[in-house]
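One structure is given below, encoded as structure tokens.
The values are calculated or read from the model by the stated rules, or taken from the named source; none is laboratory data. Note that the coordinates shown come from a computational prediction; the quantities given were computed from them, not determined experimentally. Cβ placement follows ideal geometry from the backbone for every residue including glycine, while neighbour counts extend to all protein chains displayed. Heads up: the accessible areas ignore ligands, DNA and RNA and are worked out on the full protein's heavy atoms, side chains in. Shrake-Rupley method; radii C 1.70, N 1.55, O 1.52, S 1.80 Å.
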Amino acid sequence: MIRHISSSPTSRSRTRVLRTAAVVASAAMVVLAVQSGSANAAAEREAGATALTLSTTARAQAISAAQTEAAGTARAIGLSDQERLVARDVIKDADGTVHTRYERTYAGLPVLGGDLVVHQKKDGSRKATKGTEARIAPSAARSPKAAPAGSRQVVWAASGTPVFAYEAVVTGTQPDGTPSERHVITDAATGAEIYSYEAIDTGTGTSEYSGPVTLGTTLSGSTYSLADAGRGGHKTYDLNGATSTATGTLFTDADDKWGDGSPTNRQTAAVDAHYGAAVTWDFYRAELGRNGIAGDGKAAYSRVHYGNAYVNAFWSDSCFCMTYGDGANNLKPLTSLDVAGHEMSHGLTAATAKLNYSRESGGLNEATSDIFGTSVEFFANNSSDIGDYLIGEKIDIRGNGTPLRYMDKPSKDGASADYWSKTVGRLDVHNSSGVANHFFYLLSEGSGAKTINGVSYSSPTYDGSTVTGIGRTKAYKIWYKALSTYMTSTTDYAGARTATLQATADLYGSTGTEYQQVAAAWKGVNVN
């Protein structure tokens, strides 16, 4: 089983700190007002709270306009004179509500954990996560400890009292051969480590062949390439066993017929990766109204044949790309449909909530990829890879035919958590993700025993309560709404509950079945 080890944040004594007169950025967010009513009213509410698909130009203009107004917005939400907002994303709902995601600076320094979302209704009223009002003694900024090599000075505001800090990126290789980009945050006054997290998001899968598929390719002269102009220009490259940061060689072919279904044919892994990226792009657009990973109409790219017998796949923000190994004995490329959806969705998280890849936020990050990877598999409606709530079911990594993870009862994998506890954040993020995976299954399908697409499930609840599913489509729309408009980098399980309830209220009202079952599903995994 693939593991990604991240160290836990620790509390340290601090001699020079930022003083705060308000709550930090991870405080409770705002619920937009909703109306309850008939089925028609509910349908109108969902349509009104659904995000519009913005063109690349329209999105760029919206971000530019938000940046122009950033100073006024900062004053309106109560930030201090030395704090500035940097617009990162804008989502517009059909009802005229605009959700603007901001990064923050203090005296010119990036504020880590200071990201927030401002929600502006059509009438112009604005609400947001309450900002941190930081005041600092000038001597603290002028007399820090020596900076670690290659680091940048920041303000750390993700936990406890904000402090001046340094952020360094330590690169290397993880034990299983995955590249490592570990971000280490140290207190500028004491030199003590405050927090660290891994920036390379990993997942696992298999070379699950999806049968005959249609691929987006480009003809140049007499040669075709795996370049999908219809989906933001997504390209698939051959690393040919390299483990460098190089892009690789673009796959080309003379007759536009790719692969033969065999892992010994180098094109086969490329077919699976390219197809998986295309289906995920289509799912985002058709179901979530999103124009690509970052919402800007631009594609990431895929790299296959990474390393030698590398049994993993990963997403990297630095290259904005998905990378796949060839698996055990180079015969099981990790390019299945659900893995492609999983990896691409790490990019979605990076472009929206930017959930830190450690502790509970890291578990939510991994769960988001499992949730959307699973949803992509169902969306594809591919008879060769029928949708299920099993993660990595084709890998047979244990040699006994069992999947890597289970959403209906995560603990069946021997390591994942079914329910929240105070210690869940100490687990590897692939295992702490179990709580949110279980929530998503309960919300989609409900508790108890049932058979779906030929697979038997039996999903218990923490307290023996009964959860009635609202359907997978509503469940993933709620999760996306919460991720894209309410979650921030430091959201934990309690925050995820708040965010999903707010998203449900926006989409379906706060008095209906959907809202009640979201609350019931969280109760079922012991998040109250």
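I need the full set of residues from segment 448-472 which are at negative phi, open to solvent by 10 Å² or more (accessible area, probe 1.4 Å) and out of contact with any Phe, Trp or Tyr (no Cβ under 9 Å at 6 or more places or on another chain), in order please.
Passing the criteria: S456, S458, P460, D463, S465, T466, T468.
Look through A475, A494 and report the one residue that is in a helix (DSSP H, G or I) and surrounded by fewer than 24 Cβ atoms within 10 Å (Cβ to Cβ).
From the options A475, A494, the qualifying one is A494.
Determine which member of the set L219, L226, L288, L250 is farther than 30 Å from D89 by Cβ and either open to solvent by less than 40 Å² (accessible area, probe 1.4 Å) or not acidic (D, E) (or both).
Checking each option against the conditions leaves just L219.
Please determine, by comparing only the residues of segment 55-99 that are more than 19 Å from G297 (Cβ to Cβ) and of a type in the set (S, T, N, Q), which one is surrounded by the fewest Cβ atoms within 10 Å (Cβ to Cβ).
Out of the qualifying residues, it is T68.
Let's see how each residue does on (1) modelled with pLDDT under 85; (2) more than 14 Å from N356 (Cβ to Cβ):
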position	(1), (2)
A149	yes, yes
P162	no, yes
Y166	no, yes
E181	yes, no
V184	no, no
D187	no, yes
I194	no, no
E198	yes, no
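Which numbered condition in (1) in contact (Cβ under 8 Å) with a residue 40 or more places away in the chain; (2) out of contact with any Leu (no Cβ under 8 Å at 6 or more places or on another chain) is the only one that T402 fails?
The failed condition is (1).
Among the residues of segment 357-378, is any surrounded by fewer than 24 Cβ atoms within 10 Å (Cβ to Cβ) and hydrophobic (A, V, I, L, M, F, W, C)?
yes
Go through A299, A277 for me and flag whichever is open to solvent by less than 10 Å² (accessible area, probe 1.4 Å) and either modelled with pLDDT of 95 or more or within 25 Å of R88 (Cβ to Cβ) (or both).
A277
L219 fails exactly one of the following numbered conditions: (1) assigned to a strand (DSSP E or B); (2) modelled with pLDDT of 90 or more; (3) over 22 Å from the mean Cα position of the chain (by Cα). What is the number of that condition?
(2)
Search segment 423-447 for residues being closer than 18 Å to W522 by Cβ and hydrophobic (A, V, I, L, M, F, W, C), and hand back the single one that is surrounded by the fewest Cβ atoms within 10 Å (Cβ to Cβ).
Result: V424.
Quick one: L52 ticks every box in (1) under 21 Å from the mean Cα position of the chain (by Cα); (2) open to solvent by 80 Å² or more (accessible area, probe 1.4 Å); (3) at pLDDT below 50 except a single one, so which number is it?
Unmet for L52, out of (1) under 21 Å from the mean Cα position of the chain (by Cα); (2) open to solvent by 80 Å² or more (accessible area, probe 1.4 Å); (3) at pLDDT below 50: (3).
Of these, T485, T500, T504, which one is over 16 Å from A521 (Cβ atoms) and crowded, with 22+ Cβ neighbours inside 10 Å?
None of the others qualify; the one that does is T485.
Report yes if T490 is without any contact (Cβ under 8 Å) to a residue 12 or more places away in the chain, closer than 17 Å to S358 by Cα and of a type outside the set (D, E, K, R), otherwise no.
no
If K127 satisfies every condition in (1) part of a strand (DSSP E or B); (2) crowded, with 18+ Cβ neighbours inside 10 Å but one, which is the exception?
Of (1) part of a strand (DSSP E or B); (2) crowded, with 18+ Cβ neighbours inside 10 Å, only one is false for K127: (2).
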